[in-house]
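Okay, so here's the structure we're looking at.
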Amino acid sequence: GGFNDSPVYLPHRIKYPPLVVARPISKDSPKWCKWVQESVRRKAKPLTGTVSCLSGDGTALATWNLVNVMPVAWRGPTLDARGGGVAMEEIEFVHGGFRPEITP
């Protein structure tokens with residue numbers, strides 16, 4: 001019995017795809033490399049992290065607070081002397097979801 005006039009959606013587990021962050025090489029790059037190496041050796045602990053999209057003047061346009069962040073890959077620059085561009089690194093990581101934004 002009953003009415004079948006609309007679908008019923010049951011809650012289920014949300015899956016979050018890995019995120020890839022690209023940024024210029026900086027003095028903090030060795031810290032990122034160490035974090036990736038520790039995760040390969042299973043010595044890294046999941047962290048809480050923040051990812052922000054910035055405008056040209058550095059103002060945060062959007063911010064996401066992530067929980068249980070773990071790196072899964074690091075890709076460094078090609079180091080081609082003929083390229084003349086900015087040396088970039090990419091860090092790919094997985095996470096366990098978003099933490100609510102808390103404002104005072």
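Some observations on this one:
- Pairs where the first residue, in the range 59-78, is closer than 23 Å to Lys34 by Cα and the second is part of a strand (DSSP E or B) and of a type in the set (Ser, Thr, Tyr), C-beta under 6 Å, 6+ apart: Asn65/Thr50; Val67/Thr48
- Among the residues of the range 55-70, those that are among the aliphatic types (A, V, I, L, M) and closer than 30 Å to Arg42 by Cβ comprise Leu66, Val67, Val69, Met70.
- Any hit, the range 37-48, residues being closer than 19 Å to Gly97 by Cβ and under 12 Å from the mean Cα position of the chain (by Cα): yes
- Val94, sole failed condition from (1) in contact with a Pro (Cβ under 6 Å, 6 or more places away or on another chain); (2) under 15 Å from Tyr16 (Cβ atoms); (3) at pLDDT below 85: (3)
- Strands (runs of 3 or more DSSP E) fully within the range 1-97 that include at least 3 residues being surrounded by 14 or more Cβ atoms within 10 Å (Cβ to Cβ) and in contact with a helix residue (DSSP H, G or I) (Cβ under 6 Å, 6 or more places away or on another chain): 60-75.
The values are calculated or read from the model by the stated rules, or taken from the named source; none is laboratory data. Nothing here was measured: the structure is a model prediction, and the numbers come from that model. For neighbour counting, all protein chains shown are included, and Cβ atoms are generated from backbone atoms with ideal geometry for every residue, glycine included.
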